[in-house]
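Enquirer: Submitted below is the structure of interest, expressed as structure tokens.
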Amino acid sequence: MSKPNPFEVAQKQLDDCAKILNLDAGVHEFLRHPRREFHVSIPVRMDDGKIKVFQGFRVQYNDALGPCKGGIRYHPDETIDTVRALAAWMTWKTSLLGLPLGGGKGGVICNPKELSLGEQERLSRGYIDMIWQYIGPEKDVPAPDVYTTPQMMAWMMDEYSKLTGSNSFGCITGKPLCVGGSCGRSDATARGGMYTLREAAKELNIDLKKATVAIQGYGNAGSYAHTLAIDLFGSKVVAVSDSKGGVYNANGIDPDVAGRIKAETSTVANIPQSKKISNEELLELDVDILFAAALENVITKENAGSIKAKIIVELANGPTTPEADAILYRNGVHVIPDFLANAGGVTVSYFEMVQNIMRYCWSFDEVYQKLDERMTMAYHGVLGASKKYNINMRQAAYTVAVARVVEAMKMRGWI
Ligand code: NAD
């Protein structure tokens, strides 16, 4: 069965929101498309001496609220429509969190697992060579996403700095600490999700100390979710997975063991003393909390009815299709939607930009406290809208976020 086109999913979600907000037809049409996008060809000298050409994209979806902000994904299956969808979701995410930023996203079709470190560096610098005139602290600020790392952000920042003749730390976020990164950026996406989960659990009267947890995806978002679910709440993580499969252990899985096995064998599917399960099985486990922390379109109309979790925390972007959303809502599953649940990453990226501009670094505690305030406020804003209009959490998040972007476009005289 073919997966839905993520951009069509994003447009459908906006269409639903337009009806709820009774949006003007022209404004709705404007918001259905990116304002600007770049398609680039990047020639890279490979280690064997040959030139290989990679295709890349940067989409600047809407910058009514401020400079575009959004990650760069390196993935063999990357498409322009995935990048468009992710850029749209970034627009709603920054708006929902009340950040003075718009939404953008980038991507390069490649498999970094098959590239040497030198090839990764030349590709990362080559990508910036193609788009540097169109990005920067006042225009568009990229960051890491799937299969891109703080090291790659450092190369990209350095390339941009060389081309502009300045030490422009604020042109990119998610950098290592020693070159203008922020305390707390590495686990920010998962931590932000935890703050929304804490509020949701209070609302639903779920004791997180006794809760069981399954996590799909074991990269930046998923692996930190594992550690934090235990450290912050004392929950029991009984299942984890990555692109090569997953495991289940009713007694709980130790994050240190999971991290070691992943480092040694490149997958968590080899964790000992546990039962091997597929990614599909993980989603349908009888657990209290499910973290979707891999990729888009994994919860569909085919499996939504079999999901037993009481709360789904969407750390990934776009894991649930609109048809699945309707089924989950009907079944009383509380979904913390992606652009709320995973907004911790962009929020600390925003903190990183602010610190770069101020040239003043905040402590871990300051970052955590400011992140908690923003995530908690955003969660309750969405919950309030959901109750007010009697709509699901995703539709509620859209109404809050889209209304703010529309207001900014009106004040700027665009519409
Ligand atoms: P990552 O590259 O660090 O990790 C991705 C993980 O997903 C890997 O463990 C990989 O094995 C796994 N994976 C890939 N395909 C899979 C599949 N088909 N089934 C199960 N697992 C699969 O990426 P990340 O930064 O953790 O991003 C994960 C998701 O979170 C993405 O949707 C991303 O857009 C979203 N997100 C990340 C951040 C961030 O700050 N890192 C912020 C917001 C949203």
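Rule-based calculations on the coordinates, nothing more; no lab input. Since the structure is predicted, the reported quantities are computational estimates derived from the model, not experimental observations. Cβ sites come from the backbone with ideal geometry, for glycine too, and all protein chains shown count toward neighbours.
Enquirer: Regarding the chain, what whole-number volume in Å³ per residue does the convex hull of its Cα atoms give?
Expert: 137
Enquirer: Based on Cβ point charges of +1 for Lys and Arg and -1 for Asp and Glu, what charge dipole magnitude is obtained for the chain about its Cα centre, in debye rounded to the nearest 20?
Expert: It works out to roughly 480 debye.
Enquirer: Hey, can you grab everything whose amide H is under 5 Å from the amide H of Ala294? Only 5+ residues off in sequence or another chain; H modelled, so Pro and N-termini drop out.
Expert: Ala316
Enquirer: Taking 0.36 nm per residue of separation and subtracting the Cα-Cα distance, what length does fully extending Glu203 through Lys308 add?
Expert: Working it through step by step, the gained length comes to 36.0 nm.
Enquirer: Whole Å is fine, so just give me how far the alpha carbon centre of region 150-192 lies from that of region 53-88.
Expert: 18
Enquirer: Where is the GNM fluctuation largest for the chain (alpha-carbon springs, 10 angstrom cutoff): Asp187, Asp145, Asp231?
Expert: With Cα springs under 10 Å in the chain, the top fluctuation among Asp187, Asp145, Asp231 is at Asp231.
Enquirer: For His334, His226, His28, His33, what ranking results if the residue with the fewest other Cβ atoms within 10 Å of its Cβ goes first?
Expert: Ranking His334, His226, His28, His33 by Cβ neighbours within 10 Å, fewest first, gives His33, His28, His334, His226.
Enquirer: While we're here: Can you compute 3J(HN,Hα) from phi for each residue in region 240-248, using the Karplus curve 6.51 cos²θ - 1.76 cosθ + 1.60 with θ = phi - 60°, rounded to whole Hz and x for Gly and Pro?
Expert: 9, 8, 9, 5, 9, x, x, 9, 10
Enquirer: Still on this model: Between beta-carbons, use under 12 Å as the cut-off and find the net charge around Ser223, counting Lys and Arg +1, Asp and Glu -1.
Expert: Within the 12 Å Cβ shell, the charges total -1.
Enquirer: Oh, and also: If the elastic network links every pair of Cα atoms under 10 Å, which of Leu101, Leu23, Leu371 fluctuates the most in the Gaussian network model of the chain?
Expert: Sorting by GNM fluctuation, first place goes to Leu23.
Enquirer: Mind scanning Lys50/Lys139; Lys93/Lys276; Lys308/Lys387; Lys69/Lys410; Lys19/Lys105; Lys105/Lys370 and naming the pairs with a C-alpha gap bigger than 28 Å?
Expert: Listed pairs above 28 Å: Lys50/Lys139; Lys93/Lys276.
Enquirer: With an 8 Å Cα cut-off and a minimum separation of 6 or more residues, compute the relative contact order for region 30-125 in percent.
Expert: 32
Enquirer: Between Gly181, Gly103, Gly118, find the one with the highest GNM mean-square fluctuation for the chain; connect C-alpha pairs within less than 10 Å.
Expert: Greatest mean-square fluctuation among the candidates belongs to Gly118.
Enquirer: Over the alpha-carbon set of region 188-341, divide Rg by the Kirkwood Rh and report the Rg/Rh ratio to two decimals.
Expert: Radius of gyration relative to Kirkwood radius: 0.93.
Enquirer: Once phi is turned into θ = phi - 60°, what whole-Hz ³J(HN,Hα) does the Karplus curve with 6.51, -1.76 and 1.60 give for every residue of region 282-292, x standing for Gly and Pro?
Expert: For region 282-292, the Karplus-derived couplings read 4, 4, 9, 5, 7, 10, 7, 10, 10, 9, 9 Hz, x marking Gly and Pro.
Enquirer: Now a separate question. Please go through region 1-76 and write out the trypsin sites (Lys or Arg not before Pro) that DSSP classes as loop and that have at most 16 other C-beta atoms within 10 Å.
Expert: The qualifying sites are Arg32, Lys50.
Enquirer: Follow-up question, since we're still on this one. How about Lys52: which lysines have a C-alpha closer than 17 Å to its C-alpha, ignoring those fewer than 8 places off in the same chain?
Expert: Once the sequence-local lysines are set aside, what remains near Lys52 is Lys113.
Enquirer: Between Tyr134 and Gln369, what is the label-to-label distance in nm when each label sits 7 Å out along the Cα-to-Cβ direction?
Expert: Distance between the two pseudo-spin positions: 4.1 nm.
Enquirer: Convert each backbone phi in region 329-346 into a coupling constant with the Karplus relation 6.51 cos²θ - 1.76 cosθ + 1.60 (shift: θ = phi - 60°), then list the ³J(HN,Hα) values in order as whole Hz, x for Gly and Pro.
Expert: Residue by residue, region 329-346 yields 5, 4, 7, x, 7, 8, 9, 8, x, 3, 6, 9, 4, 9, 6, x, x, 6 Hz.
Enquirer: FRET efficiency for Asp256 and Arg359, Cβ-Cβ distance as r, R0 = 35 Å, nearest 0.05?
Expert: The formula returns an efficiency of 0.45 here.
Enquirer: When the Debye formula is applied to the Cα atoms of region 21-176, each taken as the same point scatterer, what base-10 log of I(q)/I(0) results at q = 0.16, 0.17, 0.18 Å⁻¹?
Expert: Cα-only, vacuum Debye calculation for region 21-176: -0.83, -0.93, -1.03.
Enquirer: Suppose R0 equals 30 Å; then what is the FRET efficiency for Val179 and His380 from their Cβ-Cβ distance, rounded to the nearest 0.05?
Expert: It comes out at approximately 0.25.
Enquirer: Taking 8 Å as the Cα distance limit and 6 or more residues as the minimum spacing, I'd like the relative contact order of region 199-260 as a percentage.
Expert: 30
Enquirer: By the scheme Lys and Arg +1, Asp and Glu -1, what is the net charge of all other residues having a beta-carbon under 12 Å from that of Leu282?
Expert: Computed value for this residue: -2.
Enquirer: Count of lysine pairs in region 156-266 with Cα atoms under 18 Å apart, counting only pairs 8 or more residues apart in sequence or on different chains?
Expert: Lysine pairs satisfying the spacing and distance rule in region 156-266 number 6.
Enquirer: Let me ask something additional. I want to check the label-to-label distance for Lys50 and Glu114. Put each point 7 Å from Cα in the C-beta direction and report it in nm to one decimal.
Expert: Once both label points are built, they end up 1.1 nm from each other.
Enquirer: Could you give the distance between the Cα centres of region 243-260 and region 346-405, to the whole Å?
Expert: So the two Cα centres are separated by 30 Å.
Enquirer: From the residues Ala396, Val9, Ala221, which one has its Cα farthest along the dipole of the chain in the positive direction, the dipole being from +1 and -1 charges on Cβ of Lys/Arg and Asp/Glu about the Cα centre?
Expert: Towards the positive end, the residue furthest out is Ala396.
Enquirer: A follow-up question, please. With charges set only on the Cβ (+1 for Lys and Arg, -1 for Asp and Glu), what does the dipole of region 243-374 come to about its Cα centre, in debye to the nearest 20?
Expert: The calculated dipole for region 243-374 is roughly 180 debye.
Enquirer: Just want the answer: with Cβ charges of +1 for Lys and Arg and -1 for Asp and Glu, which residue in Gly184, Gln60, Leu204 is farthest toward the dipole's positive end in the chain?
Expert: Value: Gln60.
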